[in-house]
Every structure is written in structure tokens, then in C-alpha cells.
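The structure is given below, and queries will be raised subsequently.
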Amino acid sequence: MAYFAEHHRIVESGALHLILESPHPLLLSRRIIESSSSSGGVVTAEVVRHFTRPTIGESRSAAPRNLEIPPTAASYALIAEGFTPVSGAAPMEAFERLFQSRFEALSRLLRGRPDLPNLRPIAELRRSEGVGSAIAMVRDVRQTAEKHHVIVRIEDASGTLEALVPRDSPVIRTTFLPDEVVGVRLMMPRERDRLARVDAVTRPDVPNVRQHTTSSRPCRVLFLSDLHIGSRSFLDGPWNALARFLAGGDARPELAREIEHVVIAGDLVDGIGIYPNQERDLAIHDVVEQYRELGRRLRELPGRLNIIVVPGNHDAVCPAEPQPALPEEIRSELPENVRSIANPSTFALEGVVIEAYHGRSFDDLIPALPGASYARPTEVMKRMLQMRHLAPIYGGRTPIAPLPRDGLVIDPAPEILVTGHAHTFGADRYKGVLLLNASTWQSETDYQRMRNISPVPAQAAVVDLRDLSLTRLDFSQGDLGEIGAPT
Ligand SMILES: [Fe+2]
């Protein structure tokens, strides 16, 4: 019900029953919301039946991969993979579809907000009405040379509009990012030669208040990232200490026993040719051999664990995001208890919704956001949640794949958002969402020193799914060291 409320839709009780009877209620709800054929206020039982009925003659290969439900571990359910198969359209058309998909998905969250009065397509905003609102994508932002006002150019499918943010307006503190979708309240001028003024900005954001699903039985998840297997700076000693801890042979065996799932947020191996002169930093020079070693390392962990991995920019898949899951020839090097899914992906463990994203877009967002740094990735993650998008900026350092559906939109809002890439440890909460940046198992490389990134390695985040409390474990000294207080 919270999911439908967020999308400004009402669900009939009969419809709700049908949804709750389905094996994956949230997945079904998302399909209903995403379908343009079911627009309108009320979700009826009839609408739900339409989505649960098997379609005769439906080709399996034509079904988007994100709607298929894989065999599940008892408490694991895949909600959506960011990656969808390529549409085969010409690149320009494909990008057009991608941005339309982003605009639609984020508009759904903004429509109906009380702080966007007189909401209209840009082409239909009336000067005579005084106040008007639009949902729009930011095209560009510039500052006027003399008075340092800001002019933001926004667009929707109907048109483009230049709007002024005066230097003395509170809105001047807003950093607009290119290609993000915002709601703007505008003061429309009567004079033809004057620009509309931006009065207020609304981002899609996550709801202020939300009931969070938690586990009713003891169950914990271990979050890791950026193993960089194959690098000469892979931290062998700390990894062995982690394996000892998980096997219950160390301090806190009661904690280790409750860990059922491991989530690894990308950069499983160091890869080859990722940055200049990387070969000097490699211990294993063959990428398949790196994954073979990853397989050996993961087999050192207890076989009972359900291990979920997403790729990162060092992994052997297409670097454009969303990235597909690891290909079969690499997957076959890994043990049976490893699930390889796309980057990003949304899944549920014991009903707790988790979004895992490697975090390549930090490379674009950190330079674009005043005060942002690799040392505090959770601040950037808050902005991702406000935008409900993981990587909005097109044409920067993060390559964006022209897929028909924008898989980088954050929907549904997760209970936990985990990233890596920054090679630091970060934990914070934003409107009830636990934000984690899940450290690294590689010590500092010359390349990172050059780029001013100082890693905080060998930290493991253990989250209790009963209450989303966090325990930080430090393996950097080659043994289970200081245990941070649960937060
Ligand atoms: Fe990395």
C-alpha cells in the first residue's frame, strides 16, 4: 500500500488481496505501476488479474529479464535488475527512449504533489496565471556574468523553458545537476521579454515516513565491496581473518552464525587495462584466472551463505551502466552459492528491500556537488535518493547504456542502499534508509594515491534484518579487531 501511495494510486481491497497472494507482491506492484495501459487513480482487481494472467503465445525470450523470477533461496527475491536487453534501435532513438523512460518514471513520483500547484506541460504554462509548475529534466545551468543570477534551462516532451533563479532567492543554494528530473514552481511574468522565476524546487525523494519491512527471525547480511582479486595489493591476511570469523572460529561466533547472506557491490576482480599502467599493479595478469582465484576465495567462506554479486567498472562486462550480470563463462568459475546479478539491482532479503549499485557515478557527482568527497560517499548517496536516480549525468565519466528502460532510477525506495567504488567505509541513515559504502579489500595503489583517494580497507558491515541495526567489523589488522558500536 505504501508503494502505491508513493505513486499516488489507490488500491481496492480485492486488488490488494490478489497482489498479496502473488509470490512477489512488490515485483507485481511495480509491473502494474510501470504499465502505461493502467494509468488512472484506482488499481482494481481487474487490473491485477490482467497482470497475473499468463499471456497466450507470449514469447519467453521477448520477456524482459527483470520480470523473470529466478529460483530463490528461502528468503531471497529479485525485484528488478537495472539491465534490460538492448532494444536494437538506432543509438539516437535508443537514447531518446531511455530519457523518456527516466522522465516518465520520475514524473510518476512527482505528479500530484501539493507543492507543485497548477502543474502543466512546459508548452502550456500561462503567463496570465501567475504561478505555474512543471516537471522537467534539467538541460543546463549557467550564471549571468554581471549579477551572478542563475539561469536554468529545463525541458519536457512539450518544450524547453529558461527560468531565472535570482541571486537573493533561497533557491540559489540548490545545485541543479544536468539530466536530473525535478519539479519546479514558477512565477510566470506578465511581460513577454522577462524570464519565469524559479520559486521552489521539489525532488522526487524518498517518503519522509514509511513503514519498513523487517525480518521476524534472526538473519543478518554481510556487505562487502571492491575485492580487486588479482591486484598485488589484495589484502590476503584480512580476507583470511574474515573467512575465519565467518566459519565461527573467532570472536563473536554468535554473530557469524546469524549471517546468511553476503552482498558484494562490485569490482570483484582488478581486471585488465582499466587504468594506465595497471599491469604493474597486477599479481594475476589473466582476467579469467582472476575470476578463478575469486572462485577459490569465495569457496573459503562457508557454503551455507547466499552470496549476491553485482559487477563494477573493473569487472569483465560492458562498462556502460546499467551493467549486465557476469557472463556464464565467468559465472561458471564461481561456486554454486553465488548469484550474479546486474549493476544496479534491487532485491529483497526476508522482505527487506536492498538496492546494490557499484557507484561509478561518484566520479561525476563528487565534482558536481559542492563539498562532496570520496571520503564521505554517503552524503552523495543521500542526493541519489533525493533524485531517485543513481547516475543522472550523461556524457561524463560514467558511460550510460542506451537501454529502453532507465534501470538507474531508484524504484521502489529501498530499506538499504549499498555502494562501493569509493574504497572507504561509510554508514549513515536518510529518511529511514540505511546507506552503506562497503569498503574494499585492496590497500592503496599508486593510481589511487595520484587521484587522492585514501582507502579505508577490510571493513565489513553486518546488518541485522530484524531491526536494520549495523555492526562494523574491522579486519584491517589481519584479525577481527575493534568492533564498532552498533548504530
Ligand atoms: Fe574499486
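Stick to Cα atoms and the Kirkwood definition of Rh, then tell me Rg/Rh for segment 405-478.
Result: Rg/Rh = 1.04.
Dipole size in debye (nearest 20) for segment 339-389 around its Cα centre, Lys and Arg Cβ +1, Asp and Glu Cβ -1?
40 debye
Where in segment 212-256 does the amide nitrogen come within less than 15 Å of the point 7 Å from the Cα of Tyr447, taken along Cα to Cβ?
226-234
While we're on this one: At a Förster radius of 51 Å, what calculated FRET efficiency corresponds to the Cβ-Cβ distance of Val141 and Ala247, to the nearest 0.05?
Calculated transfer efficiency: 0.45.
What are the extents of the Cα atoms of the chain along their three principal axes, listed from largest to smallest and rounded to whole Å?
Per principal axis, max minus min of the Cα coordinates gives 74, 59, 46 Å.
In vacuum, with every alpha carbon of segment 218-339 counted as one equal point scatterer, what does the Debye formula give for log10 I(q)/I(0) at q = 0.11, 0.14, 0.21 Å⁻¹? Two decimals, please.
-0.37, -0.60, -1.22
Now, a different point. At 10 °C and 1.306 mPa s, grab the translational diffusion coefficient of segment 291-444 from Stokes-Einstein with a Kirkwood Rh over Cα pairs, rounded to a whole number in µm² per second.
Result for D is 98 µm²/s.
Can you tell me how much longer the chain between Arg49 and Ala157 gets when fully stretched, taken as 0.36 nm per residue apart minus their C-alpha distance, in nm with one decimal?
Working it through step by step, the gained length comes to 35.7 nm.
Further question: Just rank Ser231, Ser454, Ser443, fewest to most, by other beta-carbon atoms within 10 angstrom.
Ser454, Ser443, Ser231
Taking the mean number of other Cβ atoms within 10 Å as a proxy for protection, how do you rank 386-395, 171-180 from highest to lowest?
Put in order of decreasing packing, that is 386-395, 171-180.
Which whole-angstrom value gives the distance between the alpha carbon centres of segment 338-356 and segment 245-288?
18 Å
Hey, can you rank 240-252, 337-349 by average C-beta count inside 10 Å, highest first?
Descending mean neighbour count gives 337-349, 240-252.
Give the dimensionless ratio obtained when the Cα radius of gyration of segment 359-447 is divided by 2.2 N^0.38 Å.
1.09
Here's another thing I want to ask about it. Charges at C-beta only: +1 for Lys and Arg, -1 for Asp and Glu. How large is the resulting dipole of segment 220-474 about its Cα centre, in Debye rounded to 20?
That gives a dipole near 500 debye.
For a footprinting-style exposure proxy, rank Ile264, Ile151 by other Cβ within 10 Å, fewest first.
The order, fewest Cβ neighbours first, is Ile151, Ile264.
Follow-up question, since we're still on this one. Between Arg466 and Asn208, what is the label-point separation in nm under the 7 Å Cα-to-beta-carbon projection?
3.2 nm
Compute the distance from the alpha-carbon center of segment 80-103 to that of segment 376-447, in whole Å.
Cα centroid of segment 80-103 versus Cα centroid of segment 376-447: 21 Å apart.
Read-outs throughout are calculated quantities, based only on the coordinates presented, and are distinct from any laboratory measurement. Just so we're clear, the structure is a prediction, and the values are computed from it rather than from any experiment. Cβ: placed from backbone, ideal geometry, glycine included. Neighbour counts: every protein chain shown.
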